[in-house]
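Reviewing the structure listed below.
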Amino acid sequence: MATTSETTEIHAAKMTAFLAHPLIAILRKLDFDDAVPTADILFESGFSALEIPLTSDRALESIENVAKRFGERGLVGGGTVLTVQDVIDVSNAGGDLIVSPNVNKDVIEAARARDMICFPGVSTPSEGFAALSHGASGLKIFPAEAISPNVIRAWRAVFSDDIALLPTGGITPESMSEWVDAGATGFGIGGALFKPNKSMQEIGHSALEFVKEWTVISD
């Protein structure tokens with residue numbers, strides 16, 4: 001069993017790798033048969049993390065297949081994670097990323113105990129501080145479309161720069177710059193990147209647009 005020190009080092013290494021290109025692709029309603037080719041396109045385009053919501057078709061099987069093929073290229077894990085059992089299931093499937101729509105102490109602690117990166121969803125600073133006190137790796141600001149970048153700017157007055165703030169919901173390539181200027185660390189990117197009716201060519205084009213914009217604004 002890993003010691004606390006080893007666990008901390010493993011988590012830190014995963015976060016460092018993620019923060020080099022902090023873009024999470026949210027693959028809501030991903031079809032099982034499309035999981036591997038979609039992951040290939042996204043990692044090849046420059047995304048560093050893939051979130052497969054547990055509400056998706058055969059989500060755990062998709063996570064397992066993608067993690068086996070691409071786990072060394074970035075984070076792979078589950079979204080809409082609501083229970084400790086969900087964490088265990090994602091971990092057993094080979095995932096190392098947990099994304100939740102809420103703050104659940106038990107979920108966060110279960111994820112960190114397994115060296116997993118954990119981004120709980122928060123919408124207020126109080127929720128953010130609570131999540132961090134339980135060991136959250138960073139904060140998923142959700143739903144981002146319900147707030148403005150000025151909110152992130154205000155949050156940065158109380159959250160240090162080493163706390164990852166990831167606006168999620170309604171993010172487009174055109175909106176990224178304003179969020180980053182306000183203090184966003186990275187993004188959770190969903191509908192503007194992936195929809196189940198999009199062709200692989202369309203997904204690849206969208207992915208490159210996001211990565212291109214991120215490269216420009218983070219330079």
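The values are calculated or read from the model by the stated rules, or taken from the named source; none is laboratory data. Predicted, not measured: the structure shown is a model, and the values here were computed from it. Backbone-built Cβ (ideal geometry, glycine too); neighbour counts: all protein chains shown.
When segment 5-54 is examined, which residues are found to be of a type in the set (Asp, Glu), outside any helix (DSSP H, G or I) and either within 18 Å of PHE142 (Cβ to Cβ) or modelled with pLDDT under 95 (or both)?
GLU51
Of everything in segment 104-123, what is of a type outside the set (S, T, N, Q), in a loop (DSSP other than H, G, I, E, B) and surrounded by fewer than 24 Cβ atoms within 10 Å (Cβ to Cβ)? Give them in sequence order.
ARG114, ASP115
Given the options SER175, SER160, name the one that is surrounded by 16 or more Cβ atoms within 10 Å (Cβ to Cβ) and over 29 Å from PHE32 (Cβ atoms).
Details: SER160 fails: surrounded by 16 or more Cβ atoms within 10 Å (Cβ to Cβ).
The unique qualifying residue is SER175.
Pairs needed: first member in segment 115-127, within 20 Å of PRO149 (Cβ to Cβ); second member anywhere, surrounded by 23 or more Cβ atoms within 10 Å (Cβ to Cβ) and basic (Lys, Arg); C-beta distance under 9 Å; at least 6 residues apart or different chains.
PHE119/LYS140; GLY121/LYS140; VAL122/LYS140
Kindly indicate which of PHE32, PHE47, PHE70 is surrounded by fewer than 24 Cβ atoms within 10 Å (Cβ to Cβ) and under 17 Å from the mean Cα position of the chain (by Cα).
Result of the check over PHE32, PHE47, PHE70: PHE70.
Taking the criterion of being within 22 Å of SER206 (Cα to Cα) and modelled with pLDDT of 95 or more, would at least one residue in segment 111-123 satisfy it?
Restricting attention to segment 111-123, the residues satisfying the condition of being within 22 Å of SER206 (Cα to Cα) are none.
No, every residue in segment 111-123 fails to be within 22 Å of SER206 (Cα to Cα) and modelled with pLDDT of 95 or more.
For segment 78-92, state whether one or more residues are surrounded by fewer than 23 Cβ atoms within 10 Å (Cβ to Cβ), out of contact with any Leu (no Cβ under 9 Å at 6 or more places or on another chain) and closer than 29 Å to ILE217 by Cβ.
no
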